[in-house]
Amino acid sequence: MRIAVVGTGVAGAYLLNRIPKEHTAEAFEMRTEANWYTVCAWGTSQPFIARLVKQAGFNFDDYVLHKGRRMLVDLGDEQLEIKLRGLVTYDKHRLTHDMLEGKVVHWGEQVKHVDGNMSGFDTVVDATGLQRSLLPKVKSDLIIPSLEYQVKSKELPYDDFVIRPYPGLTGYWWYFPLGDGTAHVGAGDLRGRYRGELDKFVKDYKCEVLRRIGRPVRVTPPKLCEPFFDGKVVGVGESVGTVYPMLGEGIIPSMQCVDLLVEHLGDREAYRKAVLEHFEIYAKVYRFVRAKVDGRFSLLRMWPTLLSIFLYMHGNSERYGLETRMADFYKIATRL
Ligand SMILES: Cc1cc2nc3c(=O)[nH]c(=O)nc-3n(C[C@H](O)[C@H](O)[C@H](O)COP(=O)(O)OP(=O)(O)OC[C@H]3O[C@@H](n4cnc5c(N)ncnc54)[C@H](O)[C@@H]3O)c2cc1C
């Protein structure tokens, strides 16, 4: 099979290293190599991602920047301390770029349809993330605007992960250390309340801004991102909604989605079912987030949903790299 991989984010780059040898693959990336960048806070769970990265032939430990011990969750009137179990930041840009090394990548080629340079391929993978350039638009997509600064300073106020959820759980502000006096300070919020906050941080802590980046995140779950196919196009990663809605966490899920695609290459219905099943909990988390955002949240009505989300997070501490305690979860979910 001749496969075109459109988009070289984490999903596209990982896929290029996971496609079985009997197939050939070429990648198309709309940015030039010099302008290409992995917009992200670079936070992930080391024990979990290390296994995925190893499958692609890389050693994750070589890319780790900061190993977290605890995460401060600032609720305004109270600060929670969450024990971390493998949450780290890593040089996502370097690892993703290394994954493209030796592959055929057509830089600076924006693909908008499957005619022209796509016509010689049997399968075209839409790994374009938020853009979802080759698949039909998602109806009532939930997209959270975000902005992030990569900063450097001798006066950084924290030595570990910090997040501050916005009232209504419409997003959160974050501080992710990157080692060597650098950090990602950013925020994603449906109501854009972070405007001014990042600049204030830069001023207060005398930061040099190394990079200003931002793009919205799709938190619509796979269940609401169908179809995953259109003709010879098949979607993978954030283009089909693999972002955990409460956290905006999309690195590991995009890679898991790639593994499902590789496992079911050539059998679309099996891939579709596998994605819907694997990311089933995302639809529940989305329902909760949506209810909060729309001001429709009722503890009485939603406690079974909340309980199943808690049990899922609690049982997957290695997957998310953090310990989830009932009392903390309850406060975050209900107080804001
Ligand atoms: C500010 C921010 C912080 C985040 N922080 C975290 C975090 O700390 N941890 C975490 O797990 N997740 C995080 N996420 C989410 C995570 O980064 C994404 O969900 C994940 O990168 C999605 O991977 P992807 O490969 O599907 O898409 P992307 O990484 O978006 O890659 C898509 C690629 O396709 C290219 N492209 C788009 N359209 C076309 C086209 N028509 N033709 C050719 N190329 C095209 C783009 O240039 C891009 O290179 C964050 C997201 C944002 C925005």
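Dividing the summed -39500 (n - 2.57) terms of all DSSP H runs of n ≥ 4 by the residue count of the chain sets its mean residue ellipticity at 222 nm at -9000 deg cm²/dmol. Spin-label model, ASP204 to ARG31: label points 7 Å out along the Cα-to-beta-carbon direction sit 2.9 nm apart.
Where does the charge balance sit around PRO245 when Lys and Arg score +1, Asp and Glu -1, over other residues with C-beta under 11 Å from its C-beta?
+4
With one equal scatterer per alpha carbon and no solvent term, the Debye-computed log10 I(q)/I(0) for the chain at 0.11 1/Å reads -0.71.
Considering only ILE82, GLY43, VAL104, and ranking their Cα positions along the charge dipole of region 15-143 that arises from unit charges at the beta-carbon of Lys, Arg, Asp and Glu, the one farthest toward the positive end is ILE82. If you take the square roots of the eigenvalues of the alpha-carbon gyration tensor of region 97-176 and sort them as a ≥ b ≥ c, do you get rounded (a/c under 1.5), prolate (a/b over b/c) or oblate? Oblate, since a/c reaches 1.5 and b/c is not below a/b.
Which GluC sites (Glu not before Pro) in region 22-83 pass both tests, a DSSP loop state and at most 10 other beta-carbon atoms within 10 Å? Let's see the in-between values first.
Details: sites: GLU22, GLU26, GLU29, GLU33, GLU78, GLU81; in loops: GLU22, GLU33, GLU78.
For GluC sites (Glu not before Pro) across region 22-83 that sit outside H, G, I, E and B with at most 10 neighbouring Cβ atoms in 10 Å, the list reads GLU22, GLU78.
Applying a DSSP loop filter and a limit of 16 other Cβ atoms within 10 Å to the chymotrypsin sites (Phe, Trp or Tyr not before Pro) in region 255-336 leaves nothing. Positive end of the charge dipole of region 2-335 (Lys, Arg +1 and Asp, Glu -1 on Cβ, about the Cα centre): tell me which of ILE252, LEU190, ALA27 has its Cα farthest that way. Checked the options; the winner is LEU190. All alpha carbon pair distances within region 159-290 were sorted into 5 Å bins beginning at 0; the resulting P(r) in whole percents reads 2, 9, 17, 18, 14, 13, 10, 8, 5, 2, 0.
Would you order SER317, SER45, SER298, SER239 from fewest to most other beta-carbon atoms within 10 Å of each residue's own beta-carbon? Ascending Cβ contact count within 10 Å gives the list SER298, SER317, SER45, SER239.
Placing +1 on the Cβ of every Lys and Arg and -1 on the Cβ of every Asp and Glu, with no other charges, gives the chain a dipole of roughly 900 debye about its Cα centre. When we measure straight from the Cα of LYS103, which lysines land under 21 angstrom away, once same-chain ones fewer than 8 places off are left out? Those lysines meeting the cut-off are LYS21, LYS54, LYS92.
The separation of region 75-153 from region 255-281, counted between C-alpha centres, amounts to 18 Å. For the residues GLY43, GLY108, GLY250, a GNM of the chain with alpha-carbon springs under 10 Å puts the largest fluctuation on GLY108.
Extension gain, LEU336 to TYR312: 0.36 nm times the residue separation minus the Cα-Cα distance gives 6.5 nm.
Just so you know, all these numbers are worked out from the coordinates, no wet-lab data involved. Owing to the predicted nature of the structure, the values given are computational and were not obtained by experimental measurement. Positions of Cβ are generated from backbone atoms using ideal geometry, with glycine treated the same way; all protein chains shown enter the neighbour counts.
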